[in-house]
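The values are calculated or read from the model by the stated rules, or taken from the named source; none is laboratory data. Quantities reported herein were computed from a predicted structural model and do not represent experimental measurements. Backbone-built Cβ (ideal geometry, glycine too); neighbour counts: all protein chains shown.
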Amino acid sequence: PWFLEVFKARILPQLSPVLSPQASCIQHRLVVRDASSLQILQLYTCLDQIQYIEWSSDSLFILCAMYKRGIVQVWSLEQPDWHCKIDEGSAGLVASCWSPDGRHILNTTEFHLRITVWSLCTKSVSYIKYPKACQQGMAFTKDGRYMAVAERRDCKDFISIFVCNNWQLLRHFDTETQDLFGIEWAPNGCVLAAWDTCLEYKVLLYSLDGRLLSSYRAYEWPLGVKGIAWSPSSQFLAIGSFDEKVRILNHVTWKKITEFDHPATISSKKTIVYKEVEKSPTVDTERLTFPPTRALASSLFSTQSKYDISQVPVSLQYIKPVADRANPKVGVGMLAFSADNCFLATKNDNIPNAVWIWDIRKLKLSVVLEQLCTIQAFQWDPCQPRLAVCTGSSRVYLWSPAGCVVVQVPGEGDFQITSISWHCSGDSMLLLSKENFCVCYLEREEVK
Amino acid sequence: MGDWKAITVPLLSSGSKNIFPYTSERKRSPTSMNSQVLRLSLPSPKNMYNFFGAFCTEENLEQSISYIDRELTTMGFPSIYAEPKGKELNLVCIINCMNELLVLQHKNLRAQEEVEIQHLKLGSDMDHLQNCYAKLKEQLELSKREIVGLQERDRQLQSKNRNLHQLLKNEKDEVQKLQNIISSRATQYNHDMKRKEREYNKLRERLHQLVMNKKDKKLAMEVLNYVGRADGKRGAWRTDKTEARNEEEMYKVLLSDYEQRQKQLLLENAELKKVLQQMKKDIISLLPPQKQKPKERSEDGLVLSDQEEDIGELNKENMWELSCETVREQLTNSIRKQWRMLKNHVEKLDNQVSRGHSGAWNEKDVISREDHELETGKLELEIQQCKEMIKTQQQLLQQQLTCDDDTTLLLQDCYLLEERERLQEEWRLFREQKKNFEKERKSFTEAAIRLGLERKAFEEDRGAWLKHQFLSMTADCKPENTTASAFLRSSDPDIRLVKSASRQRRLPSVLSPAVSPEPFQISQYIAQNSVASEKPAADNMPNLWVEGDDKEETEECTKSWEDSGVGPLFRNLHMEQLP
């Protein structure tokens, strides 16, 4: 990959979903750049310090939220003169987002009193009352037709399904949960997964028309679900839980297919363990375990770490969780399927330096990446089975079935990557630190 | 010892009791007596002397003798006096008694020795046993102590166990208590949660009223101008219609999803069916070879029928396209059957492999081969024997022809008779040509000779030899009578007859040892043979002369025999030789 210079950005920059522009903001100003050349296309000035930005689905508009003032400002890329300002007034603002059609803005007021749906097409305003204050209380289907909202009324959980077209309520049903924690649509938009608070292991699957398809409960007393992920084909639902396991349900019977354990010792001979090791810069780069292609190798002159293949059995660094603390650092909270459904990447929070990559076709552990630092984030390439991992260092780690490679972000100073965001084409990715961002471009043919 | 004592000591003691008064009184005794008594037994000679010396003196000799006599008689010895009332001593008797006593004494001494040895043995045994006893006693003590120790430990452990049980019970109680506490806390917590949530809801409601109902001037959207919808359509009014349309659309989405899924399943199903079919075919094509195996015929039969069914099912290709419900049973059945077949097959193979490992399989094969070889060897031997027999027979025949004309003639005729009977029917056919029979016979004889020559050429050695024999024989026979000459003509075919007999696959083993140079035996054999042929199918005697090649010759021979008119003669002979 090659990098362009590192830019200052206070807020997470966002790559537009459709077109090439890329937006970032510094304080009051919103900067829109071309994603390939990073030349500034537009510059907007907002009323206050921007706390959140989001592209509309058609990349025509950008939403800038200023939560402190309860204001959302919308800018048009096509018409720089056009502007829109939404003031939530005394109700306050805690979250703002686009509807999938890119013409409505959903604002959540303080204390989750309601969700206001503002239309850019008409002057109409819709309200959704009693939204539940939970981590994933709102979910759109992938095709943007339907929205599910978790609600709480009279100490009971409900789910409302709205038609995004006209914000009409389609279904409203109560869920058999104690304290609904999150909802997520299957990519095909027909099944909604809802899971209970971590105190109770419970995953409920609802059809679009509100029928309960299935309810899954792996065990009773210990802490339950920590995170879930749908496979892009909607065929599998992976449930990570506090017992350090991932369970995979199938879409026909909604029963468990398999269970992935995350032991601290890897003994299977069929698992490849890549271990990141520090090395002095004088060491020849050719001694990399998986010699990357020319372009990748050229950027490795200054790298200070490389991958080694460890001989199994391998003991991974294990942190004993503190049992008497809330939200203990244990269990599988981060998990994601690759775009081709073939791989599942997981992270067990009490083995924080390892990424586990499971082969879904064989339902077996395929690869373990053991890093020097704690895994901050990982994301799959939206086009091919390629995983980008960051650990809060100035290096990006890429894995594909062909092997894995360490990519050093060039430049002065410490660039602590905390987040990764792939462009939808899979050609580039944004690497974000707390204050800066840079774009990493990947040559297309290299992996293919 | 006891025995010895029982016999001797009372004697001595009684003797001593009776004797002591004398001994004290009479101190001198004759040395001869002393020496004799000394031999009787008893340790110290000095004492003995005194003791016995006191017993007999010059004065009490009579008394002593009478005493001894008494004693001896009581012991069962004959009296030492010559006469019952006389005083004269019987010296012989005394000597005898003395000898007897001595022998007895020796015996007793030996017995004593033995008994002493035994006593010693027993004493040592006793010691040993006592030692053992002591040891065992010690062991017993030890074990007792051990038992006590173990009992003590057991008691301790039991008390410990009791304590632990108590602890466990306490713990259980504790757990129960804690569980109760937890559950009560949980209910309390839930209750509180609900209360708080209600409060929170109330507050929210209140806040909502306060915030929303007031005309909030700030709450507004400033837009330069409204933009068009992304899809270019205008927003629709909310009506019942739209609601219905929403529902419709939702169901459409669901339907399309289900349809898609069904399609996928269909595709998958079709593929699986294809695989299944392929597998079935493979299995069927794989299995037939085992059918040829003779073993487990019944099972094979069963399998075969199964297979036929399956093939029949396979032919119904369109059956696969039917829905699962209708075919399910058949499908599962056929698969089960095939699976069974395959299992059987694999098991068989396993068995074979195991047998092969143990060598049995190989052995079986080898045995059969060996058998085969043995059999062929036997057959070859038999052939050889047959050949030899034929040779001897030929030789004998020729010898007969040369030396014993009459018997050979008869025997020859016996053959011919048999043949005639056998070939009666065919002979009748020849009857038609009886008119020119003589002519034909001549020509036929010539042809036969030629044939014989040919055969001789084929078997050169024997042919030459035979020819030589034949020639010599003919030279010998020339001066003989006409019957002999008639045989001369037929002798050659006879040889061939025998030869043809050699071509028979087996000669009866009963007859093979009969091969011997003695002409009589041969003739007997022939006679028997003819008898056998007279009652056909009566037993397994070989039909030696039924070969088609020789029919004509035999016919001719029969003729010659008829002409010669020796039928009755032969019959007589035959009657004689019947066993």
Check your understanding: So, in region A:87-125, of the ones that are part of a helix (DSSP H, G or I) and at negative phi, which residue ends up farthest from the other protein chains (Cβ to nearest Cβ)?
Key -> A:GLU110
Check your understanding: Out of (1) touching a Phe, Trp or Tyr at 6+ places or on another chain (Cβ under 9 Å); (2) crowded, with 19+ Cβ neighbours inside 10 Å; (3) within 14 Å of chain B (Cβ to nearest Cβ); (4) charged (D, E, K, R), the odd one out for A:LYS226 is which?
Key -> (3)
Check your understanding: Any residue at all in region B:167-182 that is without any contact (Cβ under 8 Å) to a residue 40 or more places away in the chain, under 30 Å from A:ARG152 (Cβ atoms) and more than 12 Å from chain A (Cβ to nearest Cβ)?
Key -> yes
Point to revise | Residue pairs meeting the criteria (Cβ under 7 Å; at least 6 apart or on separate chains; first within 7 Å of another protein chain (Cβ to nearest Cβ), in region B:201-212; second among the hydroxyl-bearing types (Ser, Thr, Tyr)) | key: B:VAL211/A:SER90
Check your understanding: Across region B:159-188, what is the number of residues that are closer than 29 Å to A:LEU199 by Cα and among the polar types (S, T, N, Q)?
Key -> 7
Review point. Would it be correct to say that A:ILE309 is surrounded by fewer than 20 Cβ atoms within 10 Å (Cβ to Cβ) and either over 21 Å from A:LYS226 (Cα atoms) or not assigned by the TED database to the domain that holds A:ILE239 (or both)?
Key: yes
Practice item. Please state which one of B:ILE65, B:ILE95 is assigned to a helix (DSSP H, G or I) and surrounded by 13 or more Cβ atoms within 10 Å (Cβ to Cβ). Key: B:ILE65
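Please pick out the residue among A:ALA65, A:ALA35, A:ALA23, A:ALA9 that is of a type in the set (Gly, Ala, Ser) and modelled with pLDDT of 85 or more.
None of the other options fit; the residue is A:ALA65.
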Exercise for review: Would you point out the residue of region A:133-166, among those that are within 11 Å of chain B (Cβ to nearest Cβ) and touching an Asp or Glu at 6+ places or on another chain (Cβ under 7 Å), that is surrounded by the fewest Cβ atoms within 10 Å (Cβ to Cβ)?
Suggested key: A:LYS156
Exercise for review: Could you look through region B:98-121, keep only residues that are loosely packed, with under 11 Cβ neighbours inside 10 Å and aliphatic (A, V, I, L, M), and pick out the one that is nearest to B:ILE65 (Cα to Cα)?
Suggested key: B:VAL103
Revision key, fill the gap. Among the residues of region A:186-195, the number that are touching a Ser or Thr at 6+ places or on another chain (Cβ under 9 Å) and away from chain B (no Cβ under 14 Å) is 2
**Study point:** Failed item in (1) in contact (Cβ under 8 Å) with a residue 24 or more places away in the chain; (2) within 18 Å of B:LEU224 (Cβ to Cβ); (3) under 27 Å from the mean Cα position of the chain (by Cα), with A:VAL94 passing the rest
**Key:** (2)
Study note, to complete from the structure: Of the residues in region A:71-86, those that are crowded, with 20+ Cβ neighbours inside 10 Å and facing chain B (nearest Cβ under 8 Å) come to A:CYS84, A:ILE86
Review point. Name the pairs whose Cβ atoms lie under 6 Å apart, with the first residue in region A:34-46 and assigned to a strand (DSSP E or B), the second among the aromatic types (Phe, Trp, Tyr), and 6 or more positions between them or separate chains?
Key: A:TYR44/A:TRP75
Review point. Does A:THR109 satisfy the criteria of being over 30 Å from A:TYR44 (Cβ atoms) and among the hydroxyl-bearing types (Ser, Thr, Tyr)?
Key: no
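Can you list the strands (runs of 3 or more DSSP E) found entirely within region A:142-208 that contain at least 1 residues being touching a Leu at 6+ places or on another chain (Cβ under 7 Å)? Talk me through it step by step, then tell me what you get.
On the way: elements: A:146-153, A:156-163, A:168-174, A:180-185, A:191-196, A:203-207.
By residue number, A:146-153, A:156-163, A:180-185, A:191-196, A:203-207.
One line per residue, one yes/no per condition, for (1) outside any helix (DSSP H, G or I); (2) at pLDDT below 80; (3) not hydrophobic (A, V, I, L, M, F, W, C):
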{"residue": "B:LYS364", "(1), (2), (3)": "no, yes, yes"}
{"residue": "B:SER368", "(1), (2), (3)": "no, yes, yes"}
{"residue": "B:LEU381", "(1), (2), (3)": "no, no, no"}
{"residue": "B:GLN384", "(1), (2), (3)": "no, no, yes"}
{"residue": "B:GLN393", "(1), (2), (3)": "no, no, yes"}
{"residue": "B:THR407", "(1), (2), (3)": "no, yes, yes"}
Practice item. For region A:422-434, enumerate the residues that are buried (at least 20 other Cβ atoms within 10 Å of the Cβ) and either of a type in the set (S, T, N, Q) or on the phi > 0 side of the Ramachandran plot (or both). Key: A:SER428, A:SER433
Point to revise | Check on B:PRO21, exposed (fewer than 11 other Cβ atoms within 10 Å of the Cβ), at pLDDT below 70 and part of a loop (DSSP other than H, G, I, E, B) | key: no
